[in-house]
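Rule-based calculations on the coordinates, nothing more; no lab input. Computed from a predicted model, the values in this text were never measured in an experiment. Cβ atoms come from the backbone with ideal geometry, glycine included; neighbour counts cover every protein chain shown.
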Amino acid sequence: MWWDADALARRRPYLEARARIVATVREFFAARGFTEVETPALQASPGLEPHLRPFKTTLEDALGAAPRTLYLHTSPEYAMKKLLAAGVERPFQIARVFRNAEGSALHHPEFTMLEWYRRGEGYGAIMDDGAALLAACAKTYRRGAVTCDAAAAPQRVTVADAFERFAGVDVFAADLAGEAKRIGVAVSADDAWDDVFFKIFLDRIEPRLGVGAPTLLTEYPASMAALARLKPGDPRVAERFELYVCGVELANGFAELTDAEEQRARFEDDRARRKQLYGDDAPPIDEELLAALPRIGTASGVALGLDRLVMLATGAARIEDVLWAPVG
């Protein structure tokens with residue numbers, strides 16, 4: 001049992017470190033002029049990324065209104081972008097978020113996400129924040145025998161460069177599946193392009209990121225832009241980055257897409273993909289978010305897995321080692 005005294009005693013050093021890190025996070029953002037915000041976990045649309053499975057529930061109104069279908073958010077992103085549109089320049093939030101069908105040493109169905117935004121600034125500023133936050137929270141990060149010096153200058157590498165350097169593959173090749181087979185990565189005939197991408201990425205690239213020094217992996221292919229804007233001058237890629245430490249993804253950030261029409265088209269594509277993958281009705285598009293996007297202007301934002309940061313800062317083997325209590 002997780003609440004057994006001996007079990008808690010074993011985790012206690014990790015949990016005390018967690019408390020110190022959370023306090024450091026709040027100090028870090030307060031010193032930089034950020035405002036801590038809180039937004040509801042229940043949302044009309046939880047996020048439409050095809051591979052995220054939200055929890056669904058029904059809101060019953062005590063005053064007699066018709067019941068509404070709501071979801072536990074997979075990220076506070078939509079609500080925080082609405083705050084940007086309302087004029088909150090630098091919001092940050094430490095939020096509980098929920099993702100169904102997830103469970104591993106690095107995944108838990110309910111976890112803690114740190115998310116922050118800068119209005120009026122590009123995503124280079126958010127990348128700098130991430131590197132500085134790592135150094136503020138710990139000196140060295142480790143996972144097994146792999147270590148990362150938080151004080152070392154982050155290595156910035158594009159996705160295309162990483163594929164070439166670590167896998168010998170052109171990520172923009174016309175036949176990416178053929179390239180995967182050439183280097184010995186198994187793919188299936190029914191794999192979509194992104195399935196092939198991730199098979200190469202997880203096998204040859206991800207374990208080599210954030211080793212010795214943090215890695216900022218930038219310029220994701222446009223088809224994987226999510227909520228990021230495309231790079232001016234090179235529409236093949238998006239202004240999206242991920243922060244890696246010890247081969248583990250810690251954060252995913254963007255220069256924010258604020259073109260509502262383009263975002264709607266992406267949402268429609270995501271909903272169609274979800275239907276194809278899971279055969280059920282996808283969550284609705286958040287119309288309020290689309291109305292808010294044009295009011296944001298230039299902005300950047302990032303979501304960081306706080307539990308993973310604590311894991312790597314303490315050397316814990318599993319995400320449940322750094323949780324006071326697991327789900328269930």
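Which one, 222, 279, 101, projects farthest toward the positive side of the charge dipole computed for the chain from Cβ point charges (K/R +1, D/E -1)?
Going by the charge dipole, the pick is 101.
Can you spot the aspartates and glutamates whose alpha carbon is less than 18 Å from residue 181's alpha carbon? Ignore those fewer than 8 places along the same chain.
Here the aspartates and glutamates satisfying the reach criterion relative to residue 181 are 164, 170, 190, 191, 194, 195, 203.
Once the piece of chain linking residue 182 and residue 149 is laid out straight, how much longer is it, given 0.36 nm per residue of separation minus the C-alpha distance between them?
Numbers: separation 33, 0.36 × 33 = 11.88 nm, distance 3.47 nm.
Stretched out fully, the residue 182 to residue 149 stretch lengthens by 8.4 nm.
Give, to the nearest whole percent, the P(r) tail of region 1-117 beyond 24 angstrom, counting all Cα pairs.
Values: 2964 of 6786 pairs.
The calculated P(r) of region 1-117 puts 44 percent of pairs beyond 24 Å.
In whole Å, what are the extents of region 91-227 along the principal axes defined by its C-alpha atoms, from largest to smallest?
Computed over region 91-227, the largest-to-smallest principal extents equal 44, 38, 34 Å.
Find the relative contact order for region 169-304 and round it to a whole percent, using C-alpha pairs within less than 8 Å whose residues are 6+ positions apart. Intermediate values should be presented prior to the final figure.
On the way: 185 pairs, mean separation 24.3, N = 136.
It comes to 18 percent, rounded to a whole number.
Using alpha carbon coordinates only, what is the Rg to Rh ratio of region 44-99, with Rh defined as the Kirkwood radius?
Numbers: Rg = 13.6 Å, Rh = 13.0 Å.
Here the Rg-to-Rh quotient is 1.05.
Can you give the FRET efficiency for residue 104 and residue 259, using 1/(1 + (r/R0)^6), R0 = 45 Å, r = Cβ-Cβ distance, to the nearest 0.05? Don't jump to the answer; show the numbers that get you there.
Working: r = 35 Å, r/R0 = 0.79.
Result of the calculation: an efficiency of 0.80.
Compute, for the chain, the length of the dipole vector about the Cα centre, with Cβ point charges of +1 (Lys, Arg) and -1 (Asp, Glu) only. Units Debye, rounded to 20. All intermediate terms of the calculation are to be shown ahead of the outcome.
Values: 40 positive and 49 negative charges, 166 e Å.
Computed charge dipole of the chain: roughly 800 debye.
Hand me the trypsin sites (Lys or Arg not before Pro) from region 130-236 located in a DSSP loop with no more than 10 other Cβ atoms within 10 Å, in residue order please. Show your work: numbers first, answer last.
On the way: sites: 139, 142, 143, 156, 165, 181, 182, 199, 204, 208, 229, 236; in loops: 139, 229.
Within region 130-236, the qualifying trypsin sites (Lys or Arg not before Pro) (loop, at most 10 other Cβ atoms within 10 Å) are 139.
Rounded to the nearest 500, what is the 222 nm mean residue ellipticity of the chain from helices alone, with -39500 (n - 2.57) per DSSP H run of 4+ residues and division by all residues? Don't jump to the answer; show the numbers that get you there.
Values: 9 runs with 110 residues, N = 328.
For the chain, the value works out to -10500 deg cm²/dmol.
Suppose we keep just the alpha-carbon trace of region 222-277; what are its Rg and Dmax in angstrom?
Considering region 222-277 through its Cα atoms, Rg and Dmax are 12.9, 38 Å.
State the extension gain, in nm to one decimal, for the chain segment bounded by residue 174 and residue 51, taking 0.36 nm per residue of separation less the distance between their alpha-carbons. Walk me through the numbers before you get to the answer.
Details: separation 123, 0.36 × 123 = 44.28 nm, distance 2.42 nm.
Here the answer is 41.9 nm.
For the chain, what's the radius of gyration and Dmax over Cα atoms, in angstrom?
20.0, 63
How large is the dipole of region 77-209 about the Cα centre if only Lys and Arg carry +1 and Asp and Glu carry -1, each at its Cβ, rounded to the nearest 20 debye? Working shown, then result.
Working: 17 positive and 20 negative charges, 107 e Å.
Approximately 520 debye in magnitude.
To the nearest 0.05, what FRET efficiency results for residue 23 and residue 140 with a Förster distance of 25 Å applied to their C-beta separation?
Values: r = 19 Å, r/R0 = 0.78.
Calculated transfer efficiency: 0.80.
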